[in-house]
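Read the structure below first, then the notes.
The values are calculated or read from the model by the stated rules, or taken from the named source; none is laboratory data. Computed from a prediction, not measured in an experiment: that's the story for all the values here. Counting neighbours? That spans all protein chains shown, and the Cβs are built from the backbone with ideal geometry, glycine included. Only protein heavy atoms, including side chains, enter the accessible area calculation; ligands, DNA and RNA are left aside. Shrake-Rupley method; radii C 1.70, N 1.55, O 1.52, S 1.80 Å.
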Amino acid sequence: MSIIDRFRLTGKKAIVTGAAQGIGHHVAIALAEAGADVALFDLNEATETQAAIRALGRDAFCIRMSVADEAAVEAAYAEVDARFGGVDILFNNAGICICTEAETMTLEQWRKVVDVDLTAQFLMARAAGQRMIKAGKGGAIVSTASMSGHIVNVPQPQCAYNAAKAGLIHLTKSLATEWARYNIRVNCISPGYMATPLSIDVPRERMENWFFFAPMKRMGLPEELQGAVVYLASEAASYTTGADIIIDGGYSCV
């Protein structure tokens, strides 16, 4: 098999969370370009993503749901089972951030961030892992962590987000170790500051602070994450598990 063929995902069935926009939108399209059919999970209708994938000749369908709701996760996977007959790839991407000083952060705010950025990642991975183990064909799970799991961002206060993303990185390593015997590879990517809807309303002075510390002096584009996810989802990464690829333009180096 050629190296190009090892990157192909022809015939694979994928799930992408947070698929309506930003990183999820672009990665879902990249998985389809590599040959996968994609189920699109989001709180909002991912119709634009669905149309782009179908234009590539691949199958796609949308499910509106909350990844932090255990019953909703199980119902969504049941629909994937019915439509696709199983799952080979999970891109565990949905996430939120609440910027609030720790001394004034409410327990409700803390729980909301941790529920979406960590607990939901477990719920999604568990459901995928159960199916992959039963099918006996292995699989690939890739989660969106963050450079915030490695460094403390300044000047914005986001302790819950940082803690959840650090937890997600270690969850990735834990699941990779547990499921290696089933040939289920579990990895994550840690993006830096990305030009997505999550950062569109950030004040200019805060962005300038980010650029001051960033060696590349700019934000990343969602398209710049596509290659890493396709690699981790493909047979090209057959000996890669428990890894975290930091994609931050060098920000966490300084």
**Q.** Environment charge at ILE89 (Cβ cut-off 9 Å; Lys +1, Arg +1, Asp -1, Glu -1)
**A.** +1
Q: For segment 161-222, list log₁₀ I(q)/I(0) at each q in 0.22, 0.28, 0.29, 0.30 Å⁻¹, using the Debye formula over Cα point scatterers of equal strength and ignoring solvent, two decimals each.
A: -0.92, -1.14, -1.17, -1.20
Q.
Which order do you get for ILE133, ILE23 if you rank them by accessible area with a 1.4 Å probe, largest at the top?
A. ILE133, ILE23
Q: Roll a 1.4 Å probe over the protein heavy atoms and report the accessible area of CYS253 in Å², nearest 10.
A: 110
Q. When the helix-only estimate is applied to the chain (DSSP H runs of n ≥ 4, each -39,500 (n - 2.57), divided by the residue count), what is the mean residue ellipticity at 222 nm, nearest 500 deg cm²/dmol?
A. -12500 deg cm²/dmol
Q: Report the antiparallel proportion of the DSSP beta bridges in segment 1-152 as a percent, rounded to a multiple of 5.
A: 0
**Q.** Ranked by how many other beta carbons lie within 10 Å on average, peptides 202-210, 238-246 from highest
**A.** 238-246, 202-210
Q | Quotient of C-alpha Rg and 2.2 N^0.38 Å, computed over segment 106-239 | A | 1.17
Q: Please report, to two decimal places, log10 I(q)/I(0) for segment 175-254 at q = 0.13, 0.26 Å⁻¹ as given by the Debye formula with identical point scatterers on the Cα atoms and no solvent.
A: -0.51, -1.18
Q: Could you work out the relative contact order of the chain, using alpha carbon pairs under 8 angstrom and six or more residues apart, expressed as a whole percent?
A: 20
(Q) Let me check I have the definition right: for segment 214-254, take the eigenvalues of the Cα gyration tensor, multiply each by 5, take square roots. What are those semi-axes in whole Å, largest first? (A) 24, 13, 5
Q | Solvent-accessible area of TYR161 with every protein chain in place, 1.4 Å probe, in Å² to the nearest 10 | A | 30
Q: Considering the options ILE151, THR119, ALA102, tell which one lies farthest towards the positive end of the dipole of segment 80-156, charges being +1 on Lys and Arg and -1 on Asp and Glu at the Cβ, about the Cα centre.
A: THR119
Q: Would you rank MET216, MET65, MET1 by solvent-accessible area, highest first, keeping every protein chain in place and using a 1.4 Å probe?
A: MET1, MET216, MET65
(Q) Using only the heavy atoms of the protein chains and a 1.4 Å probe, how would GLU79, GLU103 rank by accessible area, largest first? (A) GLU103, GLU79
Q) Stokes-Einstein at 20 °C, 1.002 mPa s, Kirkwood radius from Cα pairs: D for segment 1-108 in µm² s⁻¹? A) 146
Q: Work out, in µm²/s and without decimals, the Stokes-Einstein translational diffusion coefficient of segment 120-180 at 37 °C, 0.692 mPa s, Rh from Kirkwood over C-alpha pairs.
A: 257
Q: Determine the alpha carbon to alpha carbon distance for each of LYS112/LYS137; LYS173/LYS217; LYS137/LYS173; LYS112/LYS217; LYS13/LYS217; LYS112/LYS173 and list only those over 28 Å.
A: LYS112/LYS137; LYS173/LYS217; LYS112/LYS217; LYS13/LYS217
Q: Take the eigenvalues of the Cα gyration tensor for the chain, scale each by 5, and report the square roots as semi-axes in whole Å, largest first.
A: 28, 20, 18
